[in-house]
Amino acid sequence: MNDVLGNALNFNYALLLPEIILAATALLVVFVDLFQRELKSSGRLLPIVSLIGLVAAGIVSVFGVDAHADFSRLITIDNFTTFFRELFIVTTILVVLGSHEYVERHVNHIGEFYALLLLSTIGAIYMAAARDLLTAYLSIEVLSFSLYIAVSLGKNDARSGEAALKYVLLGGVASAMLLYGLSLLYGVTGATQYADIAAALAKHDAGVRMPLQLALVLIVGGVGFKASAVPFHMWTPDAYEGAPIPVTAYLSATSKAATFALLLRWFSGPLYPAIAQWQWMVATIAVLTMVFGNLIALQQHNIKRLLAYSSIGQVGFMLMAITTISNVSASGLLVHLGGYLVTNLAIFIAVIHFYNRTGREQITDFKGLAQTNPYLALVLAAGFFSLAGMPLLAGFFTKFILFQSVVQGGYLWLVFIAVIASTVSLFYYLQVIRQMYLFQPDGDASRWRLSATGYLTTATLFAGMVVIGLYGAPLYTVADRAAFALFGS
């Protein structure tokens, strides 16, 4: 019995080493920032320290940790966890590397900014790795509270504080909704461990149907807020517009990917036996999100608000995979997430460098960019075409895999709506491309260049879009291995 208990409660802290490194790096960044004068260091040391910690955590995640274990029945370390560990760490590296100049000029409390990015990365990883409801909820709150504060760090920008206030108020309501749903689920099943919940739901009787349905409604609503799904999306355009652009980029990438990692864990595991009671809800929300996200995007004039509604539309595509949850659709979703993050980060980092030069963020401000910086215009155009799903770029390959998996799941009508929504999205993406290539620049028409790190990050992401679009087999293989960890046992 003691041996069984010992195996069940595995306190091997080496399994958590990547997150321990990230937490220690966050503390070190705050310490260096606090004692800058005494250490005779500049603010430019902070992103360097952050990058060193992120790279170290990424290396340990791949080479230094047992890939098939759990920590005290709370955290699972498998291929699925490793996939998202690497995805989140690489995303944060690119955000830090591509935005450090912006952060120096436009962000208050720079040390806290980098520390919050590192801590939120830990929360995102544990959302993907949790195997217990309480662990998952605490991970959501670590990510959420870090982002509430990060959104408010814009320097001399009243929109930043307003966006943070809206975000935290609506986020508090969503968290309460989610927690109440989880408490009802615990009441129905008597368990917080994923495996125990699945076993209880597999044999639940008709007497718990109503509380279970209410629990599922609240859970879908609470997680829908985190994913920016319609009708829980109200915070998204304001938070995207008011936040510093690197935070907006991080919101659109890590926050969304972490939410879908959690959805995959929950709906492929503990909630799978109740699929008949939640599948219709997710399908309905997917349709609403695709339709309204893309239609409202047509009316936007600010580039960050346009990208906010674009990301809402993309969430609708991803929710189709949750509706048809299976090994195939989970793999398709992971492939699409990889391509989406590469594409979205390329666009946002390009927008960051455009803002560094011009201080503007309206769509019409991109007039003549193809003349003043043809390289940046190319990156943006490729990114928008990729989001729309044009061939030879990442978005086409990943959408094809995702849509194919949904068709295999028996939801052809959902894919039909998704194809129409993708066609609509092309129109508003073309509005930005039209400004860059068909109009003369306003004011200064002289050519300008990016910084070295700007070229490095945008070139890396641009190459990623092209490589995934032309040869996505490695991404598909890794995603399939990660998805198998959810369904293989």
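Every number here is computed from the coordinates shown, using simple stated rules; none is lab data. Computed from a predicted structure; not experimentally measured. Methodologically, a virtual Cβ is constructed for each residue, glycine included, from the backbone with ideal geometry; neighbour enumeration extends over all protein chains shown.
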- Message: Charges on Cβ only, +1 for Lys and Arg, -1 for Asp and Glu, centred on the Cα centroid of segment 68-195; of 135, 110, 168, which one is farthest towards the dipole's positive end?
- Response: 168
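About the Cα centre of segment 208-339, what is the dipole size in debye to 20, counting +1 per Lys and Arg Cβ and -1 per Asp and Glu Cβ, all else neutral? Please list the in-between numbers first.
Working: 6 positive and 2 negative charges, 29 e Å.
With Lys and Arg at +1 and Asp and Glu at -1, about 140 debye.
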- For 184-196, 445-457, ranked highest to lowest by mean beta-carbon neighbours within 10 Å, the order is 184-196, 445-457
- Task: Could you tell me how many degrees, from 0 to 90 and to the nearest 10, lie between the Cα long axis of helix 303-323 and the main elongation axis, the longest principal axis, of the Cα atoms of the chain?
- Result: 30 degrees
- Item | For residue 131, residues with placed amide H under 5 Å, excluding near neighbours | 75, 76
- Message: Please list, in order, the residues from segment 95-118 whose amide nitrogen is less than 20 Å from a point placed 7 Å along the Cα→Cβ vector of residue 37.
- Response: 108-112
- Query: For helix 473-487, what angle does its Cα long axis make with the longest principal axis of the chain, in degrees from 0 to 90 and rounded to 10?
  - Reply: 30 degrees
- Mind jotting down the distance between the C-alpha centroids of segment 332-379 and segment 451-489, whole Å? 18 Å
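Once you list every other residue whose beta carbon is under 13 Å from the beta carbon of residue 436, what net charge do they have if Lys and Arg are +1 and Asp and Glu are -1? Please report the intermediate quantities before stating the final value.
Working: positive: 367, 434; negative: 365, 442.
Around residue 436, the charge tally is 0.
Using 0.36 nm per residue of separation minus the Cα-Cα distance, give me the extension gain between residue 159 and residue 109 in nm, one decimal. Could you put the intermediate results ahead of the total?
Details: separation 50, 0.36 × 50 = 18.00 nm, distance 1.70 nm.
That pair, residue 159 and residue 109, stretches by 16.3 nm at full extension.
If each DSSP helix of 4+ residues adds -39,500 (n - 2.57) and the sum is divided by the residues in the chain, what number results at 222 nm, nearest 500 deg cm²/dmol?
Details: 22 runs with 373 residues, N = 489.
Mean residue ellipticity, 222 nm, calculated: -25500 deg cm²/dmol.
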- If each Cα of segment 234-348 is one equal point scatterer, what is log10 of I(q)/I(0) from the Debye formula at q = 0.11, 0.12, 0.17 Å⁻¹? -0.37, -0.43, -0.83
- Item | Whole-number percent relative contact order across the chain, with pairs defined as alpha carbons under 8 Å at least 6 apart | 15 percent
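Go ahead and run the numbers for FRET between residue 166 and residue 427, Cβ-Cβ distance against an R0 of 35 Å, rounding to 0.05. Display every interim value, and only then the final one.
Working: r = 28 Å, r/R0 = 0.81.
Working from the Cβ atoms, E equals 0.80.
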- Note on the structure: For residue 419 and residue 72, extending 7 Å from Cα along the Cα-Cβ vector and measuring point to point gives, in nm, a value of 5.1 nm
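Order these peptides, 326-339, 276-289, by their mean beta-carbon neighbour count within 10 angstrom, highest first.
On the way: 326-339: 25.2, 276-289: 18.5.
The densest-packed peptide leads the list: 326-339, 276-289.
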- How long, wide and thick is the chain, going by the Cα atoms along their three principal axes, in whole angstroms, largest first? 73, 59, 42
- Query: Using +1 on the beta carbon of Lys and Arg, -1 on that of Asp and Glu, and nothing else charged, what's the dipole of segment 2-487 about the Cα centre, debye to 20?
  - Reply: 780 debye
- Note on the structure: Subtracting the Cα-Cα distance of residue 473 and residue 276 from 0.36 nm times their residue separation yields 67.6 nm
- Message: I'd like the orientation of helix 17-34 relative to the chain: the angle between its Cα long axis and the longest Cα principal axis, in ° from 0 to 90, rounded to 10.
- Response: 40 degrees
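Most exposed first by the Cβ proxy, i.e. fewest other Cβ within 10 Å, how do 86, 104, 241 rank?
Working: 86 18, 104 15, 241 21.
Fewest to most other Cβ atoms nearby, the residues stand as 104, 86, 241.
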